[in-house]
1. Among what's in the stretch 33-52 and is touching a helix residue (DSSP H, G or I) at 6+ places or on another chain (Cβ under 7 Å) and charged (D, E, K, R), pick the residue that is surrounded by the fewest Cβ atoms within 10 Å (Cβ to Cβ).
2. Please specify each residue of the stretch 66-79 satisfying the condition of being open to solvent by 60 Å² or more (accessible area, probe 1.4 Å), in contact (Cβ under 8 Å) with a residue 60 or more places away in the chain and under 30 Å from the mean Cα position of the chain (by Cα).
3. Quick check on the stretch 284-294. Is at least one of its residues over 30 Å from HIS255 (Cβ atoms), in contact (Cβ under 8 Å) with a residue 40 or more places away in the chain and not β-branched (Val, Ile, Thr)?
4. Out of all the residues in the stretch 1-21, which are open to solvent by 50 Å² or more (accessible area, probe 1.4 Å) and assigned to a loop (DSSP other than H, G, I, E, B)?
5. Between ARG339, ARG345, ARG333, which is over 19 Å from TRP281 (Cβ atoms) and touching a Cys at 6+ places or on another chain (Cβ under 9 Å)?
6. As an exercise: evaluate GLY164 against (1) touching a helix residue (DSSP H, G or I) at 6+ places or on another chain (Cβ under 7 Å); (2) under 28 Å from ASP256 (Cα atoms); (3) open to solvent by 60 Å² or more (accessible area, probe 1.4 Å); (4) not acidic (Asp, Glu) and give the number of the one condition it does not meet.
7. Could you tell me whether ASP63 is over 22 Å from MET144 (Cα atoms), without any contact (Cβ under 8 Å) to a residue 24 or more places away in the chain and surrounded by 15 or more Cβ atoms within 10 Å (Cβ to Cβ)?
8. Among residues belonging to the stretch 264-274 that are in contact with a Gly (Cβ under 7 Å, 6 or more places away or on another chain) and not in a loop (DSSP other than H, G, I, E, B), point out the one that is nearest to THR215 (Cα to Cα).
Amino acid sequence: MHTSASITHAARAQLRRIDMLVIRYRGAVRELPGYLPSAITDAELDRTSREVLTLLLRHIAGDEVHRELTAYSQDIGRRRARQGLPLDSLLRTVRMDFRFLWEALVPERVPAGRAELSADVLAIWDAVELHTSQVQSAYIEESMQLRRELEAERGYLLERLLSGEVREENQLRHAAEALGLQPDARILLLVAAPAYRREFRSGLRRAFPEAQVHTAEGADVALLDSGRLDAQGWQRVRSLPAGIPPSPGSLGELHDVWPVARRLARQVRSAEAGAEFGEHWESALDEGFAVAVEAHRADVMRRLDELPEHARADLQATVRHYLRSGSILETSRALFCHRNTVLKRLHRFTELTGLDPAVPWDAATIRLLLR
């Protein structure tokens, strides 16, 4: 690269005053978003600034430091990626270098003609462009590697959770953090239908943009916090082509419903509707059935269980008698109460559980849950 005597002189002069230049540079960087001392300390910022500014000035002065500058720029890109600095903040900083260096070098230059001025601008631009391109490419490459590492860790942790190997509290807390969940979250496990994996992924992105899709034992899996789902959220869940088992009590009990979730996923017949345990429990009779029933009971009967004991007992007794006879009159006689009381209790039971004893499938599910 051709450099003029004027710019070479200016660069050498700034190299002799590198300490003051680093202090000014640090002040300029601290004004940019993302560069808080809690993220990058003054000591580290001074160290990297000194090295970069020295190499840039030497490059501008005509020294052969291309290889050194490339290596150090790449090191900065990788380091900032691992520190979690946003790429736009990093690029805003390195692109600032041209203006910073020009303003530092202009007072040192000997007045020159237009041709020499253009050569000086190109000399600074060439050095900064080399630095910027290497920082950016290294940052992107390192970010991709970090994502691969994180996904591998998440996959490993998820498979351990699904196999029941993670039990200790600190391990569960670490797994929850890695998977983007709260340690005390009530987990909803979704397993994509084998025939609709692409539709599951695209539907999940639309319905829950923050949710991650993982792969476990060849199946696409997503974890949601069911405690944060409102009626609309549950509607979005049910529109996904996935097996939807009951929510286990905690992340550590995820393995209890894993076999059921996979079995339910195979029951999905549409890209726009999932298979819930409440509608397909007969398909899971031979895989984790008892555990899944208990988890489903906790979901369905939660509001019923919150009633005072005598009120809950009256409702359950009424439902049990009605399921045996199928008759309002027979139930009222057995319980020595008016038929309107029986009707009110049955209606109240449906309000609390969403299950109607008069509907055959619901009646079968109620018998299962009140066994």
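The values are calculated or read from the model by the stated rules, or taken from the named source; none is laboratory data. Keep in mind that what you see is a predicted model, and the values were worked out from it rather than measured. All Cβ positions, even for glycine, are placed from backbone atoms using ideal geometry, and neighbour counts span all protein chains on display. When the accessible area is computed, the model is the full protein with side chains, heavy atoms only, and any ligands, DNA or RNA have been set aside. Shrake-Rupley method; radii C 1.70, N 1.55, O 1.52, S 1.80 Å.
1. ASP42
2. First, the residues of the stretch 66-79 that are open to solvent by 60 Å² or more (accessible area, probe 1.4 Å): 66-68, 78-79.
Filter again for in contact (Cβ under 8 Å) with a residue 60 or more places away in the chain, leaving 66, 78.
Within the stretch 66-79, ARG78 is the sole residue that qualifies.
3. To start, the set of residues in the stretch 284-294 that are over 30 Å from HIS255 (Cβ atoms) comprises none.
No: zero hits.
4. First, the residues of the stretch 1-21 that are open to solvent by 50 Å² or more (accessible area, probe 1.4 Å): 1-2, 5, 9, 12, 16-17, 19-20.
Across the stretch 1-21, the qualifying residues are MET1, HIS2, ARG17.
5. Working: ARG339 fails: touching a Cys at 6+ places or on another chain (Cβ under 9 Å); ARG333 fails: touching a Cys at 6+ places or on another chain (Cβ under 9 Å).
Only one candidate passes the filter, namely ARG345.
6. With (1) touching a helix residue (DSSP H, G or I) at 6+ places or on another chain (Cβ under 7 Å); (2) under 28 Å from ASP256 (Cα atoms); (3) open to solvent by 60 Å² or more (accessible area, probe 1.4 Å); (4) not acidic (Asp, Glu) applied to GLY164, the lone miss is (3).
7. Criteria met by ASP63.
8. Across the stretch 264-274, the extreme among qualifying residues is ALA265.
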